[in-house]
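Working notes, structure below.
The values are calculated or read from the model by the stated rules, or taken from the named source; none is laboratory data. A quick note: this is a predicted structure, and the numbers were derived from the prediction, not measured. With ideal geometry, Cβ positions are generated from the backbone for all residues, glycine too; neighbour counts draw on all protein chains shown. Note: areas computed on protein heavy atoms with side chains; ligands, DNA, RNA excluded. Shrake-Rupley method; radii C 1.70, N 1.55, O 1.52, S 1.80 Å.
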Amino acid sequence: MTYLKTLAPAVALIALPSLGLAQDAAGDTTPPMEEIGFIFTTFMFLVAGFLVFWMAAGFTMLEAGLVRQKNTTMQLTKNMGLFSLAAIAYYLIGYNLMYPGDGWIMEGWFGAIGTASLEPVGLADTEADLTYASVGSDFFFQLMFCATTASIVSGTVAERIKLWPFLIFVVVLTALIYPIQASWKWGGGYLDSELGFLDFAGSTVVHSVGGWAALMGAIILGPRIGKYKDGRVVPMLGSNLPLATLGTFILWLGWFGFNGGSQLYMDTAGNVADISRIFANTNTAAAGGAITALILTQLMYGKVDLTMVLNGALAGLVSITAEPLTPSLGAATLIGAVGGVIVVLAVPMLDKMKIDDVVGAIPVHLFAGIWGTMAVLLTNPDATFGGQFFSILIVAAFVIVTSGIVWMILKVTMGIRVSEEHEINGLDSSELGMEAYPEFAKG
């Protein structure tokens, strides 16, 4: 019996040519090249999409590790809620706003509102366009970017914001604010067609948008009680650094889908080679950011700060996101390294301004996002200073105004901040009545 099992693969290999001849005799059933390209590009979107989806777990673990124990369950709840709401809001409104096609109104500033729709089941008896990828895979991939934008906000405003006003803000952000500005670049809008703005995977379109929204939320919400006292910064240490480190590595993994999938095609050998180059550059930029933060904190403080190293890696990833294809490995490492410097310098700068960012999302996603967008000029000859700089300003102005208005409306109507008593006791017990670590809760 063992002999027959060993012989079986050889018999199968011998039979393959005869099967091929039989197929030729019956007629060539090989799919046309455009259908093969459709299959591979669709598959790439699906794989890249679930890698970016995994970033939701990364953000959740990172935030849960960097908040204090008494606020852990709230962060977990917020991340579950924001991703689920983003999925529905983007389906109902956001996707068609972002990709309006022929539905442009008001000279390309806003798109056509309508729900996203997928192909018929199996594409049977339809005149399907097989020249690109399935609508379902594209929608799935783009949704993950939209949800990432909302995740950025969550960590900044942690430990003092009410649950439901935050979730309402997420709905507006994912249904309207993010898709509208994204359409200006990725939906064929004027940033792309008139300014020649280059943002490969979203240093500005995704990361700085989340950063600006988070900044406005932090300013309007105010700092945590006791964070700034008598002219000094009072450290409020995270409850679980192993969890935060795990979250960072999950985000690092997800970023391969984030940047690699943004190649948008996997139908030729050239596209596959470009995707592999993007993976390598993405990885080395993260390493550059982490190493720089590690060395810089040792030099500045006499000891390495793990939280800075974690955010240094993430800043490196954000920095390379605007252009992960054209840099060499050396250039990608340096671009990421600058992101690490930005984090180490920007965190204390925000504290001096009394802007309380619990997880450091503003330096990572906003400041490093701006740097990464301008760094495109260093490696891509098609980029122009005006196209990059003015696009950053336009997106910034739009998000600052719109998110600021939404935050203020929520503050006036519902109130966005928990009471002082609830904040001191922790949001887990006051807002949710559930402790993340009940066995360690104080009696």
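Computed values, structure above
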{"quantity": "Count of residues meeting criterion [in contact with a Pro (Cβ under 6 Å, 6 or more places away or on another chain) and part of a helix (DSSP H, G or I)] in segment 353-404", "calculated": "1"}
{"quantity": "Hey, PRO235 in a loop (DSSP other than H, G, I, E, B) and either farther than 20 Å from VAL376 by Cα or of a type in the set (Ser, Thr, Tyr) (or both) or not", "calculated": "yes"}
{"quantity": "Criterion: surrounded by fewer than 24 Cβ atoms within 10 Å (Cβ to Cβ), basic (Lys, Arg) and at pLDDT below 95 - qualifying residue of ARG224, ARG232, ARG277", "calculated": "ARG232"}
{"quantity": "VAL395 of a type in the set (A, V, I, L, M, F, W, C), farther than 21 Å from TRP164 by Cα, in contact with a Phe, Trp or Tyr (Cβ under 8 Å, 6 or more places away or on another chain) and touching a residue at least 60 places away in the same chain (Cβ under 8 Å)", "calculated": "yes"}
{"quantity": "Options ALA368, ALA361, ALA397: the member that is surrounded by fewer than 17 Cβ atoms within 10 Å (Cβ to Cβ), within 23 Å of the chain's Cα centre (by Cα) and at pLDDT 95 or above", "calculated": "ALA397"}
{"quantity": "Test result for ALA213, buried (at least 21 other Cβ atoms within 10 Å of the Cβ), assigned to a helix (DSSP H, G or I) and either out of contact with any Phe, Trp or Tyr (no Cβ under 7 Å at 6 or more places or on another chain) or acidic (Asp, Glu) (or both)", "calculated": "yes"}
{"quantity": "Selection count, segment 405-443, where residues are among the small types (Gly, Ala, Ser), outside any helix (DSSP H, G or I) and crowded, with 16+ Cβ neighbours inside 10 Å", "calculated": "2"}
{"quantity": "From the options GLY260, GLY288, GLY247, GLY254, residue that is in contact with a Gly (Cβ under 9 Å, 6 or more places away or on another chain), open to solvent by less than 10 Å² (accessible area, probe 1.4 Å), within 20 Å of PRO327 (Cα to Cα) and outside any loop (DSSP other than H, G, I, E, B)", "calculated": "GLY288"}
{"quantity": "Subset tally (residues that are assigned to a helix (DSSP H, G or I) and of a type in the set (S, T, N, Q)) for segment 320-352", "calculated": "2"}
{"quantity": "Meets criteria (assigned to a loop (DSSP other than H, G, I, E, B) and within 23 Å of ASP138 (Cβ to Cβ)) for MET266", "calculated": "yes"}
{"quantity": "Residues of segment 329-352 that turn out to be touching a Pro at 6+ places or on another chain (Cβ under 8 Å) and either on the phi > 0 side of the Ramachandran plot or in contact (Cβ under 8 Å) with a residue 40 or more places away in the chain (or both), as a count", "calculated": "3"}
{"quantity": "Selection from segment 53-96 of residues that are of a type in the set (S, T, N, Q) and touching an Asp or Glu at 6+ places or on another chain (Cβ under 6 Å)", "calculated": "ASN71, THR73, GLN75"}
{"quantity": "Criterion violated by GLU159 - all others in (1) modelled with pLDDT of 95 or more; (2) assigned to a helix (DSSP H, G or I) satisfied", "calculated": "(2)"}
